[in-house]
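Following: one structure in structure tokens, then a few remarks.
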Amino acid sequence: MSLIDLSNIPGNQISGLDDEMLAWITEESNSRYIEELSASFVRQLDNQTLNEIPEDVENELDRLEMASVPKTSMKQMNEAIQKFRAFLCDKLLSNDLQGIPIALLDTYLRYFYSELKTKEGKFYAPASLVCIRAGIQRFFSLNRPNVNIISDQRFVKSNRMLKTMVSRYKTSNQPKSIEKYPAIEKDDLLKIRSYFDRSNAEVLQEETMFNLIYHLALRGRETLPLLSKDSLSISKDASGNRFLHLNHELLSKNAKASLKVSEYEDTKKARIYENTENLSECPVACFEMYLSKIQSTSSYSLFPKPHKSQRQSVQWYTDKQTVGKNTIDNLMSGLSKKLCLSKKYTNHCLRVTHITVLKENGFSNSEIAVNTGHKNTTSIERYHRKRRDLDFQRMSTALHIESSSRRVNIIPVGKKGKIEIEETTREDLATNPIDTPVCINFNFQGNFNKCSFHLPNMEK
């Protein structure tokens, strides 16, 4: 039985098939032919292979390679590929993702994107669509490096369909998805701060975790479980001020496992300075107290498990057990429920709040990137949120005032900017026309940074 190598036939002689498709068909026919050969002949071919690496060594190398990829990234990849494979099987299409030609893969992806819906039959939000595509791309990065379904022009049709699905989501009148990682509102931060009294092992550990994620802009799930007692140190700057900082680099989305210096070098340089005026809220004093409590434990981890007994005479933390990843992951969600905060926050909200607070105080993206470790400073804008509870209240009040038939005096009261309104009756308005100049009294306490003011001439 002889094989016909279709890849050697000029593509223009077979209608509708390009050279890559012909090569793939030839490879498929070769595979089927080999499967039909006798088992003895296959064993004979195997015996002729010399100096192969043992299978257990290959498996260990694969395990070592995969261990460098963050587990969250692997989970996202597996979920996205599982969706794609299930779709291909359901439509009776080839699921040979490592051998399928590019043109056919683009067509499959286009079809796949067009039918993407949630279990409830709703359209995916734009961010979810991007995550699914990123998961599929990560699979190809590991298994087929020459394929890039995001930026390669050969996948322009599938990416155009992805944009179409974003448009369909926008016009579907589905309830707007809740902002996943909001910045923590100021009043909620005050509730959290008042809760951290360092009275027992659990509260002290919660405050330590909170401070490290918030002040160092860490990703809690990725970094906290990897920290040890030697991961942080207290140093002094040129002026003698003490600060807490990381001792070593961290593997994260920003500092990847790469041979390129620009990718693997960790640019995170955040410092937590000591607050000598208020030690009860000082994160450095908190860390020193926490470190003194865990030094006696034999655990190398920075987060040993708290003892169930909360008596001061008993060692606060266990020797061998460490805090589980779920406990770390649920830090902010647990505090949100326990303290009845206005929203259910996650650990990543602390990183978002870190960037939001610095942006509100006038720091540039390049300055903030030194803290967060971002390679691309434009990425900072994706994390910038506006804590708008107070802003929305002010805007709504201003609109009510403008549309009402009242002469008012606007007097901001206190730091929260509440507005006092002096109402005037309609009889008063008859004698005092509404276009009478309004006296506006401002009572502001704070700092101005690069601001200009244009006040109307009230004497006209």
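The values are calculated or read from the model by the stated rules, or taken from the named source; none is laboratory data. Just so it is clear, the structure is predicted and the values come from calculations on it, not from any experiment. FYI the Cβ positions are ideal-geometry reconstructions off the backbone, even for glycines, and counts take in every protein chain you see.
Remarks
- Within the option set 325, 305, being touching a residue at least 24 places away in the same chain (Cβ under 8 Å) and either assigned by TED's automatic domain parsing to the domain that holds residue 211 or touching a Cys at 6+ places or on another chain (Cβ under 9 Å) (or both) holds for one residue only, 325.
Per-residue answers, yes or no, for (1) over 17 Å from residue 200 (Cβ atoms); (2) at pLDDT 85 or above; (3) of a type in the set (A, V, I, L, M); (4) surrounded by 13 or more Cβ atoms within 10 Å (Cβ to Cβ):
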position: 297; (1), (2), (3), (4): no, no, no, yes
position: 302; (1), (2), (3), (4): yes, yes, yes, yes
position: 305; (1), (2), (3), (4): no, yes, no, yes
position: 324; (1), (2), (3), (4): yes, yes, no, no
position: 332; (1), (2), (3), (4): yes, yes, yes, yes
position: 340; (1), (2), (3), (4): yes, yes, no, no
position: 346; (1), (2), (3), (4): yes, yes, no, yes
position: 350; (1), (2), (3), (4): yes, yes, yes, yes
position: 368; (1), (2), (3), (4): yes, no, yes, yes
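- Residues of the stretch 280-292 include none that is modelled with pLDDT under 80, surrounded by 13 or more Cβ atoms within 10 Å (Cβ to Cβ) and out of contact with any Pro (no Cβ under 6 Å at 6 or more places or on another chain).
- Residues satisfying the stated conditions in the stretch 155-201, i.e. among the charged types (D, E, K, R) and more than 18 Å from residue 340 (Cβ to Cβ): 157, 160, 163, 168, 170, 176, 179, 180, 198
- When the stretch 195-238 is filtered for residues that are part of a loop (DSSP other than H, G, I, E, B) and basic (Lys, Arg), the ones remaining, listed by number, are 198, 219, 229.
- Test for residue 104: is it more than 40 Å from the chain's Cα centre (by Cα), aliphatic (A, V, I, L, M) and either modelled with pLDDT of 85 or more or outside the structural domain of residue 329 (by TED's automatic domain parsing) (or both): no
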